[in-house]
Each structure stands twice: as structure tokens, then as C-alpha cells.
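Trainee: Quick one: structure below, then a few questions.
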Amino acid sequence: MATAMTRAGSCPSCAGPVSRHMSPGNRDRTARHEGFILSQKHRKKIEKAFGRAKTVGGMAQAVYRGVERVRSRFILTMAANNLARLPRLLRA
């Protein structure tokens, strides 16, 4: 019974289908919000760190086997990334 109601779209507590694509109007409204602008600036910093870890730090493919060893390599790579950023952060 519940599946028939869901298919018919009459179940108020059931979410409808979600589109992965935003319409141009929704995209424009989202891009105007201050929170979205701040999140994009923050996202750039995060993506830059992961990009550097993949290209310079050798994290594009796992060199070691096992979660603990890969985790240790990741922590070491990100610590090196932070050390590389430190002089720039101290100047600012």
C-alpha cells in the first residue's frame, strides 16, 4: 500500500525525486547568497591542499597496503603541506 501511495505521489512524508541538475534560475539564486560565496572560497583552499597532496605528495595512488599505512602517509603529506604553507601564513 505504501509503495502504491509513493508511486502516486500522495504520501506527504515521502520525498519526491531529486534532480542532480539545477535550473539556471536556482543556480543564480544560490550563487548570490553570501554563504555560498564564502563556501566557494573555503572550498578552493581545501581542493588546493588535496590537489597538492595528489600531485606533489604522491597520493594519487596508494603506495602502501592497509588503511593504517595509507592514513599515516596521508597525515604526513598534509603535515608537509601545512609546513609549506606556514611562511605564507606568517607573512599575512
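Trainee: Output the residue which, of all residues in region 23-38 that are surrounded by 10 or more Cβ atoms within 10 Å (Cβ to Cβ) and within 30 Å of Ala79 (Cα to Cα), is modelled with the highest pLDDT. Quick ask: steps written out before the conclusion?
Mentor: Let us first name the residues in region 23-38 that are surrounded by 10 or more Cβ atoms within 10 Å (Cβ to Cβ), namely 26-31, 33, 36-38.
In the following step, the residues that additionally are within 30 Å of Ala79 (Cα to Cα) were identified as 36-38.
Values: Phe36: 83, Ile37: 83, Leu38: 87.
Among them, the one singled out is Leu38.
Trainee: Within the bounds of region 39-59, is there any residue that is at pLDDT 90 or above and among the acidic types (Asp, Glu)?
Mentor: yes
Trainee: Return yes or no: is Met5 surrounded by 12 or more Cβ atoms within 10 Å (Cβ to Cβ), on the phi < 0 side of the Ramachandran plot and at pLDDT below 85? Give the steps one after another, and end with the answer.
Mentor: Numbers: surrounded by 12 or more Cβ atoms within 10 Å (Cβ to Cβ): yes; on the phi < 0 side of the Ramachandran plot: yes; at pLDDT below 85: yes.
Yes, satisfied.
Trainee: Read through the list (1) loosely packed, with under 10 Cβ neighbours inside 10 Å; (2) at pLDDT 85 or above, then give the number of the only condition that Arg20 fails.
Mentor: Here Arg20 meets the rest and fails (2).
Trainee: Then there is this: If you scan region 59-92, which residues turn out to be under 21 Å from the mean Cα position of the chain (by Cα), assigned to a loop (DSSP other than H, G, I, E, B) and of a type in the set (Gly, Ala, Ser)?
Mentor: Ala60, Ala62
The values are calculated or read from the model by the stated rules, or taken from the named source; none is laboratory data. Everything numeric in this text was worked out from a predicted model, so none of it was measured. FYI the Cβ positions are ideal-geometry reconstructions off the backbone, even for glycines, and counts take in every protein chain you see.
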